[in-house]
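The values are calculated or read from the model by the stated rules, or taken from the named source; none is laboratory data. Note that this is a predicted model, so its numbers are computed, not measured. Using ideal geometry, Cβ is built from the backbone for each residue, glycine included, and neighbour counts are taken over all protein chains shown. SASA here: full protein model, heavy atoms, side chains in, ligands and nucleic acids out. Shrake-Rupley method; radii C 1.70, N 1.55, O 1.52, S 1.80 Å.
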Amino acid sequence: MTKQRSRGSRQADIAREAGVSQSTVSMVLSGAGDLGRISADTQRRVLSAARRLRYTPSGPQRPAPGGRQTPLLLGVHTFEPIFPTSARDYYFEFLQGIEEQAAVDGCNLVLFTAAQDEAGVRRIYRGGVNGLRQAAGSLLLGHHAHRDDLARLATDDHPFVYIGHREVPGTEICYVGGDYRAATGRMVDDLVAMGHRRFGYLGEVVRYEPQVDRWEGFAAALERFGLPVPAPAFAGPEKLTAQWLDEALAAGTTAVLVESVSLLRVLAAMIALRGLTVPHDLSVVLLVDDPGGDVGGRSWASLHTPRNAMGRRAVRLLTAQLTDPAGEHERQILLPCTHTLDETTAPPRQGRT
């Protein structure tokens, strides 16, 4: 059994415990493991060793009256009910990353669950009062962020980091997101290298920054190759018709990029009803994480969001703001995404390029 160490453990101790270099430990504990291309398994091994050794950096704690060191209390606010009920839930890895990094940094967490407004969004302000004030700073996440609340938090000088790419007119907020623009561009690069020249694009109706980034990365990559940029179909699943697929195939489309699992379900059903197969007749790429067999009982070529790393990096950015408010911190961070084109992509059939 591994011998427990005291709170005086150093990064060198963690490196020995995890069987990695000290520089690897430093990158993982700073939340920069993904930027350093450190594997997810290695990062988890380092974090697990840090918890076993009860490693506590001096930075995130602040002096309390009498000279004591008291852990920072960080708030976690979700704009809609997202607390996961299983490890397969989309938000599980975000929250796991937040908890892992908070434990390493010696911070406490409190979850804020305000009542929903008439639009179903959990608002931060009720009766003009900031409900997050109990925390020293807050981590915000959720698909339906209310921009008025984000703008007001910024003017109230409440330190916060949004997990995801969000821009607020008139102010600059801190965020940690995924670099979907670059990732989608790389996917197009690989598809073009396979021989694809005609593309289709299915997108969500509501266009937040992550959706815009995906489309712009896709369009920019095609323009770089001098290939035609298709008119995107921004439609809800209930509005997507078989006519769209028929017209795309008639135009010579050999690969379709899809922004959501709900749109993928409809597309997969339409392909099957026409007696076509993926990827023999049409290559299909999902621009979010593969749901793991939930669509057609198979895996899909997909983009992978570094959700755990985003949660951890957001904690590091927030604690940096709290412990060194005057420091020069990178305030808007986009972490690299990965992708796989296995299973549902292939070179186009001869005569369809």
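Amide H contacts for His339 (H built 1.01 Å from N in the peptide plane; partners 5 or more residues away or on another chain; cut-off under 5 Å): His304.
Less than 14 Å Cβ to Cβ from Leu245, Lys/Arg counted +1 and Asp/Glu -1: what total charge do the surrounding residues give?
+1
Karplus-based coupling profile of segment 140-153, in residue order and whole Hz: 10, 8, x, 5, 9, 5, 8, 5, 4, 5, 5, 5, 5, 4, with θ = phi - 60° in 6.51 cos²θ - 1.76 cosθ + 1.60 and x standing for Gly or Pro. Per q in 0.19 1/Å, what log10 I(q)/I(0) does a Debye calculation on the alpha-carbon atoms of segment 238-308 return? These q points yield log10 I(q)/I(0) values of -0.75.
Per-residue Karplus couplings for segment 275-282, computed as 6.51 cos²θ - 1.76 cosθ + 1.60 with θ equal to phi - 60°, are listed in order as x, 9, 10, 10, x, 4, 9, 7 Hz, Gly and Pro entered as x.
Please give the contour-minus-distance gain from Met194 to Arg298: 0.36 nm per residue of separation, less the Cα-Cα distance, rounded to one decimal in nm.
Gain in length upon complete extension: 35.3 nm.
Helix 40-52 and the longest principal axis of the C-alpha atoms of the chain enclose an angle of approximately 20°. Stretching the chain fully between Asp157 and Ser26 yields a gain of 44.2 nm (0.36 nm per residue, less the alpha carbon separation). Solvent-free Debye calculation, one equal scatterer per alpha-carbon of the chain: log10 I(q)/I(0) at 0.07, 0.08, 0.14 Å⁻¹ equals -0.36, -0.46, -1.15. For Arg123, nonlocal amide neighbours, meaning residues 5 or more places apart or on other chains whose placed amide H falls under 5 Å from its own, are Asp117. When peptides 141-149, 102-110 are ranked by their average number of other Cβ atoms within 10 Å per residue, the highest-first order is 102-110, 141-149. Take the Cα of His143, step 7 Å toward its Cβ, do the same at Ser48, and the gap between the two points is 3.2 nm.
If the chain linking Ile82 and Glu216 were pulled fully straight, counting 0.36 nm for each residue of separation and taking away their Cα-Cα distance, it would gain 45.5 nm. Label-to-label distance for Tyr90 and Thr113 is 2.0 nm, based on points extended 7 Å past Cα in the beta-carbon direction.
Accessible area per residue was computed with a 1.4 Å probe on protein heavy atoms; Phe83 scores about 140 Å². Charged side chains reduced to their Cβ positions (Lys and Arg at +1, Asp and Glu at -1) give segment 92-241 a dipole of some 420 debye around its Cα centre. Taking the average, over residues, of other Cβ atoms within 10 Å as the packing measure, peptides 319-325, 177-183 rank 177-183, 319-325 from highest down.
Computed 3J(HN,Hα) for segment 336-349, one whole-Hz value per residue from the Karplus formula 6.51 cos²θ - 1.76 cosθ + 1.60 where θ = phi - 60°, is x, 9, 10, 8, 10, 10, 5, 6, 10, 10, 7, x, x, 4, glycine and proline marked x. Under a 5 Å amide H cut-off, with hydrogens placed 1.01 Å from N, Leu109 pairs with Leu74 among residues at least 5 apart or on other chains. The distance between label points at Val205 and Phe225 comes to 3.1 nm (points 7 Å beyond Cα on the Cα→Cβ vector).
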